[in-house]
Amino acid sequence: MTTSTQWTDLSGNEHHGALGGLSSPVRNNQTGNSYLTFNGVSHYVPLQMHIPSGAAPITQLTVEAWFRTSFAVFGFEKNWAFLDFDRSEHFNFYVRGGGKLGFSCRDAGSRFSIVRDSREGDDQSSLSDGTWHHAIVTFSAGTTTFYRDGVQSSYQGNSCVNGAGGGSTRYGFVGDGSEASLYDSARNRKHYSGDIAVVRYFNGYAMSAAEVQNEFNSRKARFASSPLLPPPAALPFPSQGVLILDGNSDTEACVHDVAATQHDGTAIAAQCCDGSTCKRRTSSSNSDCIAGMPPILGSPSFQYTTFQDASARCAALGYTLCDKNCQGQGCQYDNIWVWTSLLCPLPPP
């Protein structure tokens, strides 16, 4: 259940998710189906719940989500997360960019932070198809099991045979990855794109296959009549190429490769405009840069984008790509290239 200020924890444990700020997903209600829409750029929900340092390893768990996404950019970290307590400290559950489920955990038996990544097999179809899906992961005695729409799916990878967790204090998030030792603090900024209606977490209990099937059957009618979620709007790549600009000068270059994320070894950043107003970030902080801080500064948060990725990010925020370099507008993008809406003056040679 959602209100204007929180995503309510119905378990009675008071682990509510805060809503209402600029970073909050949009509350929707369609034919009685209440859910949250995440824009994939700035939206997330911080949870009033944490796993403390020194907590006993998690030997059994279940995480459940009802979700809908059309995000299809490949990469295991591209669409985080249904529930995240930091994969390198405890665990997270997510749908990978290619539409397959994933679960990562810190092996509690290791002196150092060794992360084990579990994923669905390549024989599974993509869940990034714009329709509602039911996803469950269970973890028990070092075995990870995925279920999609009530049916167990194939599995690849390594589970945390010594239990999950054993790391530093981490607060939970829905819609992003956690690095937070305090409530609503550090995040990975790898935002989820799509809708989420239900998230449930059971610590110390792994559902059976029969229980998973019952959960799916009990709720599937709620989502059956919902329309398809359209993919994030992206501009088609122009046949004559796209003009990129140096973030700090009049220098320009043409990009003819639809898959390009760099030019001459330097990253190309996604930045947006609201009319003539530059929007390199979603708040006044450089922590909320649309593409993260540049990699030349050693930042792990930078997200490489193609022209179409960049245009879709801007569209998700209600903006467009810019027709200028937006010099001096933050995020250190003055030091790299930036995408524009401008066409190359000449076709490719």
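Each residue in the range 253-283 was checked for being in a strand (DSSP E or B) and within 21 Å of Ala316 (Cα to Cα), and 9 pass. From Ser154, Ser118, Ser126, which residue is within 19 Å of Glu64 (Cα to Cα) and crowded, with 18+ Cβ neighbours inside 10 Å? The unique qualifying residue is Ser118. Within the range 197-213, the residues that satisfy the criterion of being out of contact with any Gly (no Cβ under 7 Å at 6 or more places or on another chain) and in contact (Cβ under 8 Å) with a residue 12 or more places away in the chain are Ala197, Val198, Val199, Arg200, Tyr201, Phe202, Asn203, Gly204, Tyr205, Ala206, Met207, Ala209. Does the range 200-208 include one or more residues that are assigned by TED's automatic domain parsing to the domain that holds Leu321 and either of a type in the set (Gly, Ala, Ser) or at positive phi (or both)? Looking for residues that are assigned by TED's automatic domain parsing to the domain that holds Leu321 and either of a type in the set (Gly, Ala, Ser) or at positive phi (or both), one finds none in the range 200-208, hence no. Within the range 248-283, being hydrophobic (A, V, I, L, M, F, W, C), under 21 Å from the mean Cα position of the chain (by Cα) and surrounded by fewer than 18 Cβ atoms within 10 Å (Cβ to Cβ) holds for one residue alone: Ala259. Can you confirm whether Asn286 is surrounded by fewer than 21 Cβ atoms within 10 Å (Cβ to Cβ), modelled with pLDDT of 90 or more and in contact with a Gly (Cβ under 8 Å, 6 or more places away or on another chain)? No: the conditions fail for Asn286.
Output the number of residues of the range 132-142 satisfying the condition of being among the small types (Gly, Ala, Ser) and part of a strand (DSSP E or B). Selection size over the range 132-142: 2. Inspect all residues belonging to the range 288-301 and state whether any of them is β-branched (Val, Ile, Thr) and out of contact with any Ser or Thr (no Cβ under 7 Å at 6 or more places or on another chain). Yes, the conditions are met somewhere in the range 288-301. When Tyr333, Tyr304 are checked against the criterion of being more than 21 Å from Pro25 (Cβ to Cβ), in contact (Cβ under 8 Å) with a residue 12 or more places away in the chain and buried (at least 19 other Cβ atoms within 10 Å of the Cβ), Tyr333 stands alone in meeting it.
Listed here are the residues, each with its yes/no results for (1) farther than 14 Å from Asn188 by Cβ; (2) of a type outside the set (Phe, Trp, Tyr); (3) free of Cβ contacts under 8 Å to residues at least 12 places away in the same chain.
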| residue | (1), (2), (3) |
| --- | --- |
| Leu83 | no, yes, no |
| Asp86 | no, yes, no |
| Arg96 | yes, yes, no |
| Lys100 | yes, yes, no |
| Ser110 | yes, yes, no |
| Asp129 | yes, yes, no |
| Trp132 | yes, no, no |
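Filtering the range 310-349 to residues that are among the small types (Gly, Ala, Ser) and either outside the structural domain of Ala260 (by TED's automatic domain parsing) or under 14 Å from Ile268 (Cα atoms) (or both) leaves Ala310, Ser311, Ser341.
Among the residues that make up the range 327-337, is at least one of them under 25 Å from Asp176 (Cα atoms) and among the aliphatic types (A, V, I, L, M)? Among the residues of the range 327-337, not one is under 25 Å from Asp176 (Cα atoms) and among the aliphatic types (A, V, I, L, M), which makes the answer no.
The values are calculated or read from the model by the stated rules, or taken from the named source; none is laboratory data. Values in this document were obtained by computation on a predicted structure and should not be read as measured data. Here the Cβ is made from the backbone with ideal geometry for all residues, glycine too, and neighbour counts use every protein chain on show.
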